[in-house]
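The values are calculated or read from the model by the stated rules, or taken from the named source; none is laboratory data. The structure displayed is predicted, hence computed values, not measured ones. Protein only, heavy atoms only, side chains kept; ligands, DNA and RNA dropped before computing areas. Shrake-Rupley method; radii C 1.70, N 1.55, O 1.52, S 1.80 Å.
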Amino acid sequence: MDITVIVPLYNEAESLPELEKWIARVMAENQFSYEILFINDGSTDESWDVIRRLSAENPAVKGVSFRRNYGKSPALNTGFARAKGDVVITMDADLQDSPDEIPELYRMITEDGYDLVSGWKQKRYDPLSKTIPTKLFNATARRVSGIKNLHDFNCGLKAYRNKVIKHIEVYGDMHRYIPYLAKNAGFKKIGEKVVHHQARKYGKSKFGLDRFVNGYLDLMTLWFTNKFGGKPMHFFGLLGSLMFFIGLVAVMVLGGIKLYHLCCGIPARLVTDSPYFYISLTTMIIGTQLFLAGFVGELIARNSSLRNRYEIDEELNITKD
């Protein structure tokens with residue numbers, strides 16, 4: 001099969017028939033073999049009934065319906081597990097993503113050799129309250145992830161080589177960072193394509209401003225787990241040792257000053273009367289706790305089933321017993 005189109009959705013009953021016809025027309029014009037996976041994320045409208053009807057009319061239409069609303073990441077992960085196409089396209093159900101982009105995205109994967117191609121809605125039809133935070137968010141994501149050529153990490157319109165989606169796990173709200181997840185999994189040929197952004201035709205946006213706050217937290221989590229997830233002592237141990245050393249030096253300085261005053265017969269207050277003594281002591285205690293946290297983290301990592309998790313791309317002349 002050439003293409004799998006994955007469409008996660010929540011309360012998009014009005015747009016689904018038009019989207020399905022649009023995708024089917026593009027596929028027929030380019031003679032692609034395809035399937036459409038509608039992932040119904042616990043919709044409370046008639047979305048699932050519409051999907052049933054579309055599936056009866058077009059055998060290429062398939063669907064999965066969640067019992068309740070879980071979010072976009074679980075929906076995408078479910079679609080990835082079921083996708084059979086050589087190239088997998090994801091797009092939103094609100095008609096803001098154009099299926100006319102599919103042929104070029106397919107070509108970039110199959111001919112140009114990209115592992116992942118992300119859409120860039122260079123000209124957006126969104127209010128400033130959404131576009132300005134989006135620009136700041138993407139600038140931060142580029143900096144942290146090291147993927148300098150992407151302008152829109154969160155664009156729903158993306159194309160993947162099938163191998164990519166089978167080797168990444170999308171959870172929580174990590175759909176915003178699928179290019180970063182792919183890079184961490186060893187798929188580094190990541191491209192971008194300027195795509196047409198259309199104004200929403202039906203319904204209203206399901207995302208609020210809280211996604212930007214949560215997005216930064218998720219980005220920090222992803223960065224930390226990728227960099228230190230398998231070696232927590234390198235982070236906590238280093239930071240803890242540094243804090244303990246600073247606190248120890250500070251205590252020694254306070255003690256040295258006290259001894260100097262005693263030797264010279266200079267009146268001096270008790271070391272314990274100085275607030276710097278308690279600051280130094282607290283620094284040493286926090287440093288010790290951080291070091292122990294790293295030690296416990298190492299014990300957990302050593303007993304984790306993922307401690308030696310790595311992906312083999314190809315093998316040659318290997319005989320397995």
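Largest first, the extents of the alpha carbon coordinates of the stretch 29-82 on the three principal axes equal 35, 23, 15 Å.
Equivalent-ellipsoid semi-axes for the stretch 3-143 (Cα gyration tensor, √(5λ), whole Å, largest first): 24, 21, 15.
With all projection directions averaged, the alpha carbon convex hull of the stretch 145-189 covers 3.2 nm². For the stretch 268-277, putting each phi into the Karplus relation 6.51 cos²θ - 1.76 cosθ + 1.60 with θ = phi - 60° gives couplings of 8, 6, 4, 4, 6, 7, 8, x, 5, 5 Hz, in residue order, rounded to whole numbers and with x for Gly and Pro. The angle between the Cα long axis of helix 210-228 and the main principal axis of the chain comes to about 70°, on a 0 to 90 degree scale. Helical content of the chain, expressed as a calculated mean residue ellipticity at 222 nm, amounts to -15500 deg cm²/dmol (DSSP H runs of 4 or more residues, -39,500 (n - 2.57) each, divided by residue number, nearest 500).
Of the three principal axes defined by the Cα atoms of the stretch 57-96, the extents in descending order read 26, 23, 23 Å.
For the chain, the solvent-accessible area with a 1.4 angstrom probe is 56 square angstrom per residue. When you restrict to C-alpha pairs under 8 Å that are six or more residues apart and normalise by the size of the chain, the relative contact order lands at 17 percent. Between residue 299 and residue 25, the contour length at 0.36 nm per residue exceeds the Cα-Cα span by 93.1 nm. Only protein atoms count toward the accessible area here, which uses a 1.4 Å probe; on the chain, the carbon and sulfur part of that area reaches 58 percent. Rg/Rh for the chain stands at 1.16; both radii use Cα atoms, and Rh follows the Kirkwood definition.
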